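I have placed the structure first, in the form of structure tokens, so that the comments after it can refer back to it.
No value in this document is a laboratory result; all are computed from the given coordinates. Small disclaimer: the values here were computed from a predicted structure and weren't measured. Every residue, glycine among them, receives a Cβ derived from its backbone with ideal geometry; neighbour counts consider all protein chains shown.
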Amino acid sequence: GYKNRQRNLAFQKNFRSIAQIEAVESQHTPEISLSGSGVTPLLHISDLFLDFEGCMTGEKRDCAVTFTNRSENLPLSFTLSKPAQFRLSPKLPKYKLPPMQSLQLLLSYMPNNLGSHQGIVEVVIEGGLERAQIHLKGKAESEGKKRVTSMFVDFVCCFCNFYAVFSILSLFACE
């Protein structure tokens with residue numbers, strides 16, 4: 001079962017105030033009306049709950065998530081955490097979105113162990129001004145094929161002032 005919930009992160013507050021300026025030399029105290037708006041980032045995340053269903057260990061299941069900056073004027077930046085058993089692609093230290101632009105990221109479930117796995121991707125917007133969470137769920141129901149990898153090890157042996165370089169190739173199954 002694929003679950004989808006959407007969330008817009010947006011808040012705008014208008015401010016009005018009257019300021020008085022004292023002119024010491026002329027004894028005038030004019031009043032000036034000030035107004036402005038404070039706007040938090042307008043980030044839309046396409047999916048906040050992802051269920052990757054069942055798969056075997058060593059396999060990979062993918063879901064795309066779209067991040068959209070809905071602000072007409074302000075760019076925004078955000079970072080993402082990486083939970084165990086799940087991967088992000090592309091993985092960057094910080095993501096930046098110009099106004100009215102979108103970015104699609106691939107979230108992958110790659111279980112190493114049997115069982116149910118849950119994770120949370122923490123979305124930190126503008127250094128902590130706003131936060132959101134993407135909840136992830138997957139289940140590894142059976143074991144997949146073991147991967148065989150090779151490893152080359154070079155080392156130098158010193159014995160009675162005689163130096164030799166040896167290369168060892170070892171094959172082993174990764175678990």
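Values for this structure:
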quantity: Pair residue 56, residue 29: separation of 7 Å Cα→Cβ label points (nm); calculated: 8.3 nm
quantity: Per-residue ³J(HN,Hα) for region 40-52, Karplus 6.51 cos²θ - 1.76 cosθ + 1.60, θ = phi - 60°, Hz, x for Gly and Pro; calculated: 8, x, 9, 9, 10, 10, 5, 9, 10, 9, 10, 10, 8
quantity: Loop trypsin sites (Lys or Arg not before Pro), region 115-147 (other Cβ atoms within 10 Å of the site Cβ: 15 or fewer; DSSP); calculated: 145, 146
quantity: DSSP-assigned coil residues among GluC sites (Glu not before Pro) in region 45-125, each with at most 16 further Cβ atoms within 10 Å; calculated: 59, 72
quantity: Gyration tensor over alpha-carbon atoms, region 1-141, equivalent ellipsoid semi-axes in Å; calculated: 47, 13, 12
